[in-house]
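Let me begin by presenting the structure, written as structure tokens, before commenting on it.
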Amino acid sequence: MSKQTYRVCFCFRRRFRLTAAEAPPDVKALFEAYSQNGVMSVDHLRRFLVEVQAEPNATAEEAQGIMDALMHLHIFHRRGLNLEAFFKYLFSDANQPLDPKIGVHHDMTAPLSHYFIYTSHNTYLTGNQISSDSSDIPIVRALQLGVRGIELDLWPNSTKDNVDVLHGRTLTTPVTLIRCLRSIKNHAFSASEYPVIITLEDHLAADLQALVAEMIVQTFGEMLFTPPDSSLLGEFPSPESLKRRIIISTKPPKEYLEGKEDKAKKSCTDSSSEDGAHPREVPVLKPRNDHDKDDDDDANGDGMDTDEDDEKDPKVQSQAAPEYRDLIAIPAGKGKGGMQAWLRVDPTKVRRISLSEQELEDAISGYGQDIVRFTQKNILRIYPKAIRLDSSNYKPLCALMHGAQMVALNMQGYGKSLWLMHGMFRSNGGCGYVKKPDFLLDAGDVFDPKAELPVKTTLRVTVYMGEGWYYDFSHTHFDAYSPPDFRAKIAIVGVPADKKKKKTKTIDDDWIPSWDEVFEFPLTVPELALLRLQVSEEDVSGKTMFAGQTCLPVSELRKGIRAVPLYTRKGAKYKCIKLLLRFEFV
């Protein structure tokens, strides 16, 4: 990297000098403090790790290991690191913001309801909710990412002798259920040994339910978890006890039938529950204010305004398949009544209910504490409202701060919401289960996210610099006439009192921006806080271009100077792009 030329017009070119990354002043000062005569020895490096990087258990052997890994760089007479080698270490993959050695470290022996669970919505879709293909490929990708909640919508095939997976009453193409099940079996535990929960949205008659049960049993065999008495009493098992197990969650067929009979008495004019409605029918697409049904509550699969009891004609369900019912380890369904009845806690049994993002938003104003109390024992699944036809997503933190365990997002719907969930589930070793903070499990003093609380800690973030864009992009990707103008944005996402956004100045015409700015974020609930970072290229006209992002759980940030890798819009890690940041809690 010495010079770079940009064409301005046919006969004129602009030339810019390119220089290598240089250590910021703070790094130079620290090197001077922890070195002697320009050389940082093993003991100097160990003291730096302990005193600056807040690694109190760092040993001389670990420091020597870092030295050995840098042997191919500029080593001063093999006695230690010079400034350039020290700076390269700080900017290396060996100096990550989350400890890669810590692995799964949360208590995994509590009931499932005590954990946030990495959950996907309509996992089988490759694109939008209306006309994309259904496939097992996005299911495999989700599992490889660490997702533990997989959703399958079950419909009869065209000849009604087998089962397809598709988004019903749309133009989405089907994929066979058996193909999805086999892919789940083959990839369920590639990223995590902790249980995979399959939520089934069932639109089947009894004979096909029996076929589904046969497929599930034959595919998963001993991997399948079923309660001894076909119902869970008291509380859910723990993730630890369910390692490498597959769990089925749907509404018991008997509840379908009972609800249908009540619904039929109440109204016989509901066109959405007509017997024989074709599952590929294109829905009427219009925004609604509430009751966007899904999962066990969206019987029609079309996002129409239906109640959970509005499933299939009771004649079709008159003979429920008992072998299908016996597979259900996590029973789902709201039952009769409104929100207050749905959130009622039964001391004798546990269950799962699903709410749309709109239903959750409406419920929070009047039933916020009831939601938190319900999720201390039972499981709450939240899903996107039906008008998100483009597979976009809702803001997940509102659901998480009320204790919802299964915050289901469209994994193909790239954007800030999905970036936040990527970041949250980087914690606890990326196993797909994150233990909820104790205050969300306190039955005596129910947590209120809007309550005024004292500041517990303040996160100080020093944004030194960034590099790597020169290698990951063509030299005219951001600007055809000059090097890029980078700006970094830093935000805390969490409870309302902790939300804050800040940004650096823009560094003009430089592939290696050096901002060297400090930002402070007072936190009242750091346990639920996520640090979101995004870099954009901004030219003088105000046009911005995406240049990388990441999201990190504040509770697991390592103190000290760290190299933070950035990711694409789709969540793929860039090969070279990193930010050099310093994290302090003051």
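The values are calculated or read from the model by the stated rules, or taken from the named source; none is laboratory data. Because the structure is predicted, anything quoted here is derived from the model rather than measured. With ideal geometry, Cβ positions are generated from the backbone for all residues, glycine too; neighbour counts draw on all protein chains shown. Heavy atoms of the whole protein, side chains included, go into the accessibility calculation; ligands, DNA and RNA do not. Shrake-Rupley method; radii C 1.70, N 1.55, O 1.52, S 1.80 Å.
Would you call MET465 touching a Leu at 6+ places or on another chain (Cβ under 8 Å), within 26 Å of PRO100 (Cα to Cα) and open to solvent by 10 Å² or more (accessible area, probe 1.4 Å)? Considered against the rule, which asks whether it is touching a Leu at 6+ places or on another chain (Cβ under 8 Å), within 26 Å of PRO100 (Cα to Cα) and open to solvent by 10 Å² or more (accessible area, probe 1.4 Å), MET465 comes out as no.
Return yes or no: is GLU517 surrounded by fewer than 20 Cβ atoms within 10 Å (Cβ to Cβ) and closer than 13 Å to GLY466 by Cα? Taking the combined requirement at face value, the residue satisfies it. Somewhere in the range 161-181, is a residue under 30 Å from GLY430 (Cβ atoms), of a type in the set (Ser, Thr, Tyr), open to solvent by 10 Å² or more (accessible area, probe 1.4 Å) and outside any helix (DSSP H, G or I)? No, that holds for no residue.
Among the residues making up the range 494-511, those that are open to solvent by 30 Å² or more (accessible area, probe 1.4 Å) and either assigned to a strand (DSSP E or B) or modelled with pLDDT under 95 (or both) are LYS500, LYS501, LYS502, LYS503, ASP508, ASP509, ASP510.
Please pick out the residue among GLY337, GLY366 that is at pLDDT below 95, part of a helix (DSSP H, G or I), out of contact with any Pro (no Cβ under 8 Å at 6 or more places or on another chain) and not polar (S, T, N, Q).
Result of the check over GLY337, GLY366: GLY366.
Restricting ASP43, ASP68 to residues that are out of contact with any Cys (no Cβ under 9 Å at 6 or more places or on another chain), outside any loop (DSSP other than H, G, I, E, B), open to solvent by 20 Å² or more (accessible area, probe 1.4 Å) and at pLDDT 95 or above narrows the list to ASP43. Going by the conditions given, is ASP445 in contact with a helix residue (DSSP H, G or I) (Cβ under 9 Å, 6 or more places away or on another chain) and acidic (Asp, Glu)? Yes; evaluated as a whole, the condition is true for this residue. For the range 22-37, filtering for residues that are open to solvent by 80 Å² or more (accessible area, probe 1.4 Å), assigned to a helix (DSSP H, G or I) and touching a strand residue (DSSP E or B) at 6+ places or on another chain (Cβ under 9 Å) leaves 1. If the condition is being at pLDDT 90 or above and closer than 23 Å to THR119 by Cβ, then the range 303-332 contributes TYR324, LEU327, ILE328, ALA329, ILE330, PRO331, ALA332.
If the condition is being closer than 17 Å to THR504 by Cβ and among the β-branched types (Val, Ile, Thr), then the range 541-560 contributes THR544, THR550. Give me the residue from the range 143-159 that is in a strand (DSSP E or B) and without any contact (Cβ under 8 Å) to a residue 60 or more places away in the chain and, out of that set, nearest to the chain's Cα centre (by Cα). The extreme case among them is ILE150.
Okay, residues lined up against (1) outside any loop (DSSP other than H, G, I, E, B); (2) hydrophobic (A, V, I, L, M, F, W, C); (3) free of Cβ contacts under 8 Å to residues at least 12 places away in the same chain:
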{"position": "GLU452", "(1), (2), (3)": "no, no, no"}
{"position": "TYR470", "(1), (2), (3)": "yes, no, no"}
{"position": "PRO483", "(1), (2), (3)": "no, no, no"}
{"position": "ILE492", "(1), (2), (3)": "yes, yes, no"}
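VAL535 falls short on exactly one of the conditions (1) open to solvent by 10 Å² or more (accessible area, probe 1.4 Å); (2) among the aliphatic types (A, V, I, L, M); (3) farther than 15 Å from ARG460 by Cβ, and that condition is (1). Restricting attention to the range 520-532 and to residues that are touching a strand residue (DSSP E or B) at 6+ places or on another chain (Cβ under 7 Å) and either of a type outside the set (Asp, Glu) or surrounded by 18 or more Cβ atoms within 10 Å (Cβ to Cβ) (or both), the residue that is nearest to CYS576 (Cα to Cα) turns out to be ARG532. Starting from residues that are outside any helix (DSSP H, G or I) and of a type in the set (Lys, Arg), keep the ones in the range 378-424 and report whichever is least open to solvent (accessible area, probe 1.4 Å). Among them, the one singled out is ARG381. For the range 74-82, the criterion of being modelled with pLDDT under 90 and in contact with an Asp or Glu (Cβ under 7 Å, 6 or more places away or on another chain) is satisfied by at least one residue. Checking each residue in the range 109-128 for being of a type in the set (Ser, Thr, Tyr) and either crowded, with 19+ Cβ neighbours inside 10 Å or within 21 Å of the chain's Cα centre (by Cα) (or both) picks out SER113, TYR115, TYR118, THR119, SER120, THR123, TYR124, THR126.
With respect to (1) of a type in the set (Asp, Glu); (2) without any contact (Cβ under 8 Å) to a residue 12 or more places away in the chain; (3) open to solvent by less than 30 Å² (accessible area, probe 1.4 Å), the lone exception for ASP202 is condition (2). State whether the residues of the range 129-141 include one that is part of a loop (DSSP other than H, G, I, E, B), open to solvent by 70 Å² or more (accessible area, probe 1.4 Å) and of a type outside the set (Gly, Ala, Ser). For the range 129-141, residues part of a loop (DSSP other than H, G, I, E, B), open to solvent by 70 Å² or more (accessible area, probe 1.4 Å) and of a type outside the set (Gly, Ala, Ser): absent.
Looking only at residues of the range 79-94 that are in contact (Cβ under 8 Å) with a residue 60 or more places away in the chain and part of a loop (DSSP other than H, G, I, E, B), we find that the one that is surrounded by the fewest Cβ atoms within 10 Å (Cβ to Cβ) is ASP93. Going residue by residue through the range 131-143, is there one that turns out to be modelled with pLDDT under 95 and either touching an Asp or Glu at 6+ places or on another chain (Cβ under 7 Å) or closer than 23 Å to LEU166 by Cα (or both)? No - not one qualifying residue is present in the range 131-143. With respect to (1) under 30 Å from MET411 (Cα atoms); (2) of a type outside the set (Val, Ile, Thr); (3) touching a strand residue (DSSP E or B) at 6+ places or on another chain (Cβ under 9 Å), the lone exception for LYS575 is condition (3). Every listed requirement among (1) free of Cβ contacts under 8 Å to residues at least 24 places away in the same chain; (2) closer than 17 Å to SER356 by Cα is met by HIS402 save one, (1). When TYR574 is tested against (1) under 30 Å from MET401 (Cα atoms); (2) open to solvent by 30 Å² or more (accessible area, probe 1.4 Å); (3) touching a Leu at 6+ places or on another chain (Cβ under 8 Å), only condition (1) is not met.
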